[in-house]
Amino acid sequence: SGGGPGWGGAGCVLPWKLYLYYGDRRLLERAYEPMRHYIEFLEQKCKNDVLRHYGGDWDFIGDWVPPGRGMDTSNWPPKLAAELFNNGYRLYLWDQLARVAAALGRPEEAQRCWTRINEIRPLIHAAFYDAPKQLYVLDEQSYQLMPLMTGIVPEDLRETVLKRLEHGILVKSKGHLDTGMLGTYFLIQ
């Protein structure tokens with residue numbers, strides 16, 4: 001579990017990516033149960049269906065090392081930012097599990113995953129959206145990006161949050177990214 005969902009969850013993401021590249025379902029068949037168990041591990045760390053900080057600092061990092069932050073723990077974003085990012089990543093892992101289930105011909109399992117995703121999204125939104133500021137937790141790109149990418153943002157707020165993200169890239173960061181290792185991947189997507 002070290003690092004948080006973006007690190008422990010690699011075992012959920014890589015089998016799907018390899019399947020997309022090579023079309024070999026055998027890895028999906030072997031990976032499905034470990035993927036499910038990892039997601040269950042994360043679900044056990046939730047309070048009221050929202051993933052909260054667990055373990056030490058290095059067990060629950062969010063987006064990793066954006067420019068200007070470095071690896072010094074005193075300069076990390078607040079824990080609430082890591083919680084938001086990791087909840088988005090948690091939804092991403094649920095989606096990967098649903099896709100694997102569908103590819104393996106398990107439509108009931110896939111539907112169970114998508115139902116769970118739809119149950120979780122509004123709870124994450126309620127926990128992390130700051131309505132007066134019209135942003136999620138912190139005015140940095142990763143923290144607007146993950147809610148957009150994973151469907152946390154309600155439809156009526158998507159344009160507002162997307163404009164916040166665009167402003168963060170084009171104006172605040174003068175055309176540069178302020179995302180870290182994980183956030184940059186999602187931003188490019």
For the range 76-109 the number of residues that are open to solvent by 40 Å² or more (accessible area, probe 1.4 Å) and assigned to a loop (DSSP other than H, G, I, E, B) is 4
Among the residues of the range 48-75, count how many are open to solvent by 60 Å² or more (accessible area, probe 1.4 Å), outside any loop (DSSP other than H, G, I, E, B) and modelled with pLDDT of 95 or more. 0
Pair list, Cβ under 8 Å, 6 or more apart: the range 1-24 residue more than 26 Å from Glu83 (Cβ to Cβ), other residue among the charged types (D, E, K, R) and open to solvent by less than 70 Å² (accessible area, probe 1.4 Å): Leu18/Asp24
Of all residues in the range 20-47 being under 16 Å from Tyr92 (Cβ atoms) and among the aromatic types (Phe, Trp, Tyr), the one that is surrounded by the fewest Cβ atoms within 10 Å (Cβ to Cβ): Phe41
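This table checks each residue for (1) assigned to a loop (DSSP other than H, G, I, E, B); (2) touching a residue at least 40 places away in the same chain (Cβ under 8 Å); (3) aromatic (Phe, Trp, Tyr).
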position: Ile120; (1), (2), (3): no, yes, no
position: Ile124; (1), (2), (3): no, yes, no
position: Glu166; (1), (2), (3): no, no, no
position: Lys174; (1), (2), (3): yes, no, no
position: Gly183; (1), (2), (3): no, yes, no
Residues Arg112, Arg158: which one is within 26 Å of Cys12 (Cα to Cα) and in a helix (DSSP H, G or I)? Arg112
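The values are calculated or read from the model by the stated rules, or taken from the named source; none is laboratory data. On a predicted model such as this, the values are computed, not experimentally measured, just so you know. For neighbour counting, all protein chains shown are included, and Cβ atoms are generated from backbone atoms with ideal geometry for every residue, glycine included. Only protein heavy atoms, including side chains, enter the accessible area calculation; ligands, DNA and RNA are left aside. Shrake-Rupley method; radii C 1.70, N 1.55, O 1.52, S 1.80 Å.
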